[in-house]
1. In this structure, does residue B:81 turn out to be closer than 25 Å to residue A:23 by Cα and at pLDDT below 95?
2. Under the condition of being out of contact with any helix residue (DSSP H, G or I) (no Cβ under 6 Å at 6 or more places or on another chain) and in a helix (DSSP H, G or I), which residue from segment B:27-38 is modelled with the highest pLDDT?
3. Looking at residue B:160, is it part of a loop (DSSP other than H, G, I, E, B) and at pLDDT 95 or above?
4. Could you list, in sequence order, the residues of segment B:1-58 that are more than 10 Å from every other protein chain (Cβ to nearest Cβ) and farther than 30 Å from residue A:105 by Cβ?
5. So, of the residues in segment B:1-51 that are without any contact (Cβ under 8 Å) to a residue 12 or more places away in the chain, surrounded by fewer than 18 Cβ atoms within 10 Å (Cβ to Cβ) and within 30 Å of residue B:128 (Cβ to Cβ), which turns out to be nearest to the chain's Cα centre (by Cα)?
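The values are calculated or read from the model by the stated rules, or taken from the named source; none is laboratory data. The shown structure was predicted, so the numbers you read here are calculated from the model rather than taken from an experiment. No Cβ is skipped: glycine too gets one built from the backbone with ideal geometry, and neighbour counts run over all protein chains shown.
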């Protein structure tokens with residue numbers, strides 16, 4: 001439950017947020033320049049922050065996955081990469097459906113990931129010893 | 001039941017932001033510099049990105065993505081304002097290693113024993129905004145409407161404002177905050 005101060009602050013800030021979102025791209029650029037920021041540089045800086053946050057999140061997921069693997073010694077690790085020519089998304093789905101795959105990774109279905117991201121995630125899984133068996 | 005975005009969808013939405021959208025985000029961060037120390041604003045942005053990615057803040061997909069990000073930022077700004085943040089840690093995303101890297105910035109800050117001024121500093125900002133616009137009925141209508149949870153249409157109807165008057169009032173509010181007319185409020 002928000003107290004009165006918080007409700008007042010949230011409402012006032014929401015009004016400011018709405019006012020900023022109502023600005024046209026030209027107005028945004030002008031406002032950024034008025035703050036001493038070059039619009040292109042500002043956009044690049046924000047994009048870099050997003051990339052850094054995504055990298056940090058990926059690293060955290062991998063750490064959690066590795067930790068879960070260490071705890072779960074019963075995981076059947078399957079070797080090989082025979083399905084390399086198969087559809088990447090299907091391969092990722094098969095890998096993630098393996099019993100014992102860390103839940104932090106299994107939740108990523110890959111539907112909105114780029115091919116490069118999927119390849120990267122498959123490589124990450126391989127580092128954890130989660131690959132497809134040649135017989136599968 | 002609201003449709004909540006998956007982490008993959010949040011990440012895709014973040015990477016889909018074009019230069020204009022990124023400019024909006026940077027501008028919003030710039031406006032928070034009127035309220036919080038610059039170091040805290042950097043952490044506010046980082047913490048917001050972190051929380052939307054790790055699912056601490058869930059994105060209902062019927063809400064425009066930027067509006068959702070802004071909502072997360074103002075909620076976090078309130079939390080920041082309640083904490084004493086005299087020691088600003090290096091950014092978690094600056095290359096440090098270890099699990100602590102993603103530990104919440106707020107978790108690293110003392111929750112008690114801080115400067116009492118910090119507890120009310122952010123809350124006072126709203127009062128300063130209201131004082132600045134006490135003679136401007138339309139801007140006050142926009143603020144009151146938001147505090148009361150009204151939509152833009154509901155606010156216009158309740159306060160009998162034309163669309164043009166509403167937009168002009170939004171611009172005055174934005175310009176005043178961004179141009180630093182409130183810089184002396186502290």
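1. Working: closer than 25 Å to residue A:23 by Cα: no; at pLDDT below 95: yes.
When the stated conditions are applied, residue B:81 does not pass them.
2. B:30
3. Details: part of a loop (DSSP other than H, G, I, E, B): yes; at pLDDT 95 or above: yes.
Against the criterion (part of a loop (DSSP other than H, G, I, E, B) and at pLDDT 95 or above), residue B:160 qualifies.
4. Answer for segment B:1-58, where residues must be more than 10 Å from every other protein chain (Cβ to nearest Cβ) and farther than 30 Å from residue A:105 by Cβ: B:36, B:37, B:38, B:39, B:40, B:41.
5. B:33
Okay, residues lined up against (1) within 27 Å of the chain's Cα centre (by Cα); (2) at pLDDT 90 or above; (3) within 17 Å of residue B:19 (Cα to Cα):
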{"position": "A:21", "(1), (2), (3)": "yes, yes, yes"}
{"position": "A:33", "(1), (2), (3)": "no, yes, yes"}
{"position": "A:38", "(1), (2), (3)": "no, yes, yes"}
{"position": "A:70", "(1), (2), (3)": "yes, no, no"}
{"position": "A:80", "(1), (2), (3)": "yes, no, no"}
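Yes/no matrix, rows are residues, columns are (1) in a helix (DSSP H, G or I); (2) at pLDDT 90 or above; (3) farther than 18 Å from residue A:44 by Cα:
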position: B:40; (1), (2), (3): yes, no, yes
position: B:47; (1), (2), (3): yes, yes, yes
position: B:50; (1), (2), (3): yes, yes, yes
position: B:58; (1), (2), (3): no, yes, yes
position: B:75; (1), (2), (3): yes, yes, yes
position: B:89; (1), (2), (3): no, no, yes
